[in-house]
Structure formats: C-alpha cells, structure tokens
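**Q** Before I ask anything, here is the structure I am working with.
The values are calculated or read from the model by the stated rules, or taken from the named source; none is laboratory data. In this text the structure is predicted, and so the values were computed from the model without any measurement. Note that each Cβ is placed from the backbone with ideal geometry, even for glycine, and that neighbours are counted across all protein chains shown.
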Amino acid sequence: MLMKEFEGKTEKDAIKIACDELKLSEDQIKIELIDQGKVGFFGFRNKSVKIKVFYEESAGSPYALECKKYIEGLLNTINIPFKVAIVNEEEDKVFISISSSESGLLIGKKGKNLEAIQFIINMALNKNKKDKKDWKKIILDIEGYWNRREEAIKKVAMKAADFVRTTKKTRLLQTMNPFERRLVHMTLQNFNDIGTRSEGDGTYKKVRIFLK
C-alpha cells in the first residue's frame, strides 16, 4: 500500500486535493488525520489541516507495466533514490507517480525536467504507433507538482487580470507550454471585460491579457 501526505484549508479540502492529484475517488483511499489545524480568534483557521492518504497501486495493464519498467530504467541511470507507482489508468491515459528525496532535481526549474522526462517516455513508448490517435498518453507526476503548478498559474492569471483592470494596460505573461496557456485562457474566459490571446511561434508561447 502506498502513502502520501496532503494538506488543505479543511479536511474536506485536503481530501479533494488528494483525490485530484491521485486521480482516485474517495472510496479508493484511506485517510488518517495528522493535524486538525489551529483555529485562531473569531473561529478563523490559521493553520492547514494535514492528512495521510493510503492507496493501493494499480495493477496496471501490460502497457502500464511497460511504462513503469521504462521509467525505472531511465531513472536508474542517474543514480538517485526513487519509487515509481502506477496510480490510475484510463482508455487513453496512464497516470504514473514518482516519489524521491531528489524530487526538486527531477522536476527542474518550472517543471522543465519533468516535462522532458514525460516527453521522452511518451515518444519511446508510442514510437511504433503510426497514428497518434492510437497513442496512450503517459501522465507523469512528481510529488504532486502538476496540481501545485496549476494553482500557481491560476493565481498568476487572476493577478494579471486585476492589474489590467486597474492600470488599463495589457499584461504579457511569461512563456508557457500549451497546458499552462490553456489554464490561463480557461481561468479568465468567463470575465466579460478581460480577453486573452497567445502570442509567438512554436510550442512555447506567451499569453497577453487585455481589456476588451
């Protein structure tokens, strides 16, 4: 059985974060409350609730097991401690988690190393499939990095929108990959006064935020 720790503003919030990251439903996990948090004056909680989540590694299809074996072989070449687990599997996706005391090295600055590892694995495991429609995408996560990155991108988008409203000036965000740009567009798509567009060529582009 695998175990990971999560935290949130409330126990319910921490459980939701765990389920979202692990791609599992609540009935597929066991929860142990570590810290109930601290309630300050006026009943406001000023410390996160922490939980331990226990879950079974997915048995995995032959393809998922091949993915796991390939990742383990790849990581063995850099001689760091790690554990690879098949978290979940869908018709066209395999979710694999890596835990390591050297997670920062594997993730890299702004997730660049993680992106590179995921790209290499997807290309290697799908190289014999001529049609991309037949590809089974491998989603690789390290210590919940993608969830943290998603929340950070959303906050950047909201902060930029507030800047545009206040100053009446456009805001050009940093270069982002397709996943990050899509998050920005989706986060701001329901604001009637704010528009977004991607600018640049290639895979990595910038997003401009402007008043409509």
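**Q** Confirm whether residue 138 is of a type in the set (Val, Ile, Thr) and crowded, with 16+ Cβ neighbours inside 10 Å.
**A** Against the criterion (of a type in the set (Val, Ile, Thr) and crowded, with 16+ Cβ neighbours inside 10 Å), residue 138 qualifies.
**Q** Quick check, is residue 88 surrounded by 15 or more Cβ atoms within 10 Å (Cβ to Cβ), assigned to a strand (DSSP E or B), touching a residue at least 12 places away in the same chain (Cβ under 8 Å) and at negative phi?
**A** yes
**Q** Looking at 18, 59, which one is more than 16 Å from the chain's Cα centre (by Cα) and at pLDDT below 90?
**A** 59
**Q** Regarding residue 173, is this residue in contact (Cβ under 8 Å) with a residue 60 or more places away in the chain, aliphatic (A, V, I, L, M) and either within 27 Å of residue 4 (Cα to Cα) or touching a helix residue (DSSP H, G or I) at 6+ places or on another chain (Cβ under 8 Å) (or both)?
**A** No.
**Q** Which residue pairs have Cβ atoms closer than 6 Å, lie 6 or more positions apart in sequence or on different chains, and pair a first residue in the range 101-115 that is under 9 Å from residue 82 (Cβ atoms) with a second residue that is loosely packed, with under 12 Cβ neighbours inside 10 Å?
**A** If the second residue must be loosely packed, with under 12 Cβ neighbours inside 10 Å, the pairs left are 101/81.
**Q** Report the residue count in the range 56-84 for those that are aromatic (Phe, Trp, Tyr), assigned to a helix (DSSP H, G or I) and either free of Cβ contacts under 8 Å to residues at least 60 places away in the same chain or touching a helix residue (DSSP H, G or I) at 6+ places or on another chain (Cβ under 7 Å) (or both).
**A** The number of residues fulfilling the criteria is 1.
**Q** Right, here's the next one. Any idea how many residues of the range 165-199 are surrounded by 15 or more Cβ atoms within 10 Å (Cβ to Cβ), aliphatic (A, V, I, L, M) and either under 23 Å from residue 112 (Cβ atoms) or touching a His at 6+ places or on another chain (Cβ under 9 Å) (or both)?
**A** Here the count works out to 4.
**Q** How do the pairs read when you match residues in the range 199-211 that are under 11 Å from residue 175 (Cα atoms) with residues anywhere that are surrounded by fewer than 17 Cβ atoms within 10 Å (Cβ to Cβ) and among the acidic types (Asp, Glu), using Cβ under 8 Å and keeping only pairs 6 or more apart or on different chains?
**A** From the range 199-211, the pairs are 205/199; 206/199; 207/199; 208/199.
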